[in-house]
1. Quick one: what are the phi-derived ³J(HN,Hα) couplings along region 86-93, Karplus 6.51/-1.76/1.60 with θ = phi - 60°, whole Hz, x for glycine and proline?
2. For residue 56, what residues show an amide H to amide H distance below 5 Å, using hydrogens built from the backbone and excluding near sequence neighbours?
3. Under the 0.36 nm per residue contour assumption, what length would be gained going from the current alpha-carbon distance of residue 21 and residue 70 to full extension?
4. With θ taken as phi - 60° and the coefficients 6.51, -1.76 and 1.60, list the Karplus ³J(HN,Hα) couplings across region 9-14 in order, rounded to whole Hz; mark glycine and proline as x.
5. Candidates (1) 13, 34, 29, 16, 7, 2, 0; (2) 11, 24, 21, 14, 12, 9, 6, 2, 0; (3) 14, 42, 30, 13, 1; which is the computed P(r) over Cα pairs in 10 Å bins from 0, in percent?
6. What is the calculated FRET efficiency for residue 101 to residue 46, with r their C-beta to C-beta distance and R₀ = 35 Å, to the nearest 0.05?
7. What is the packing order of peptides 9-22, 27-40, taking the mean over residues of other C-beta atoms within 10 Å and listing the highest first?
8. Give me, ordered by chain and number, the residues 5 or more places off residue 28 or on other chains with an amide H under 5 Å from its own placed amide H.
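Nothing in this text is a laboratory measurement; each read-out follows from the coordinates by a stated rule. Keep in mind that what you see is a predicted model, and the values were worked out from it rather than measured. Here Cβ is always computed from backbone atoms with ideal geometry, including for glycine, and neighbour counts include all displayed protein chains.
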Amino acid sequence: MIPERLLIHSCTYAAPASYDRDGSPTYDEAVTLAKVRVEPIKASARTAEGEAAADRLTLFYAPFFSTPQVIPEPLAKVTWNGENYTVREVHAFYTTDGNAVHHYEAALV
C-alpha cells in the first residue's frame, strides 16, 4: 500500500463526458483530487531528428486514501502546478490477493 504520508499533492481532474460533432472530447465539471502524488518521469524518445525529451508526469491515485472516489481515465484533463495535462494511459495495480485495486498510475502528457 502507498503510505498516506506520501500522498502530499492535490490537482484538478475533469473526466471526458462525450464528444462534440468535430470529435473533440467535452468534459465534466472539474473536481479537486486530494491525497494524490504527482511525480515527474524522465524519458526520451528517438525521432527522425534524433533524441528528444519526452518528459511527463505520473499521477498516483490510491482508492484507500485519495478523494473523491474516481477511476482515472484516458483523455481526462488534469491541472497541476498551474499546468494542464491530458491523461494518456492508466494502469491499475492490484493488491497481492488480486481482489482490489491498490492504486492507479496515470501517465500525463
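1. Each residue of region 86-93 in turn: 10, 6, 8, 7, 10, 10, 9, 10 Hz.
2. Under 5 Å from the amide H of residue 56 lie the amide H atoms of 41, 43, each far enough along the sequence or on another chain.
3. Working: separation 49, 0.36 × 49 = 17.64 nm, distance 2.68 nm.
Extra length available between residue 21 and residue 70 comes to 15.0 nm.
4. 10, 9, 7, 9, 9, 10
5. So the calculated entry is the one marked (3).
6. Numbers: r = 34 Å, r/R0 = 0.96.
Taking R0 as 35 Å, the efficiency between residue 101 and residue 46 is 0.55.
7. On the way: 9-22: 13.6, 27-40: 15.3.
Ranking, from highest mean packing down: 27-40, 9-22.
8. Under 5 Å from the amide H of residue 28 lie the amide H atoms of 15, 17, each far enough along the sequence or on another chain.
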